[in-house]
1. Cβ-Cβ distance below 6 Å, separation of 6 or more or different chains: which pairs start in the range 78-91 with a residue that is at pLDDT below 80 and end on one that is assigned to a loop (DSSP other than H, G, I, E, B)?
2. Within the range 1-30, take every residue that is within 27 Å of V96 (Cβ to Cβ) and aliphatic (A, V, I, L, M) and give me the one that is modelled with the lowest pLDDT.
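The values are calculated or read from the model by the stated rules, or taken from the named source; none is laboratory data. From a predicted model like this one, the values you see are computed outputs, not experimental measurements. Reconstructed Cβ throughout: ideal geometry from the backbone, glycine too, with neighbour counts over all protein chains shown.
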Amino acid sequence: MEQKKGKYWKLSQKAAEQHTNLDVVYAFVTLKSMDDVRLLKAAYQYSTFDRLMASCCCCCFSQRARLISKGKFQGRWLNVKTAILPDNIIWQNMGVGKINMWFRQTLQLVIGLVILVGAMALTLYLNAY
């Protein structure tokens, strides 16, 4: 029994170490009212200039710099946006990167244009006879 507990302990420690090394990519927050949404957005809507001044000129913006620096999470600035409805989210695409998404959209555009031009050419060809 002690041997099983020891194996379980080692496995749980290994799993805990793996979970602490993960990066946070997305976080979703549910709020009770639109006032809460407004307050949250106001708390994290700092321009790039504000962030730069807070990190470089702490003496000039001491109180504001402390307030702005609280907007960091694990050393990165938070980007707060209003989420779309959960029904409109394609959950399988959640981990797809920007380059991959851009490539997919470009490929769809090219295929759509080829079909459109082909249909127009076929229409003109058939109208000529």
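1. Taking only residues 6 or more apart or on different chains, the pairs are L78/G71.
2. Let us first name the residues in the range 1-30 that are within 27 Å of V96 (Cβ to Cβ), namely 15, 18-30.
Those still in the list that are aliphatic (A, V, I, L, M) too: 15, 22, 24-25, 27, 29.
Numbers: A15: 61, L22: 65, V24: 66, V25: 69, A27: 73, V29: 76.
Selected residue: A15.
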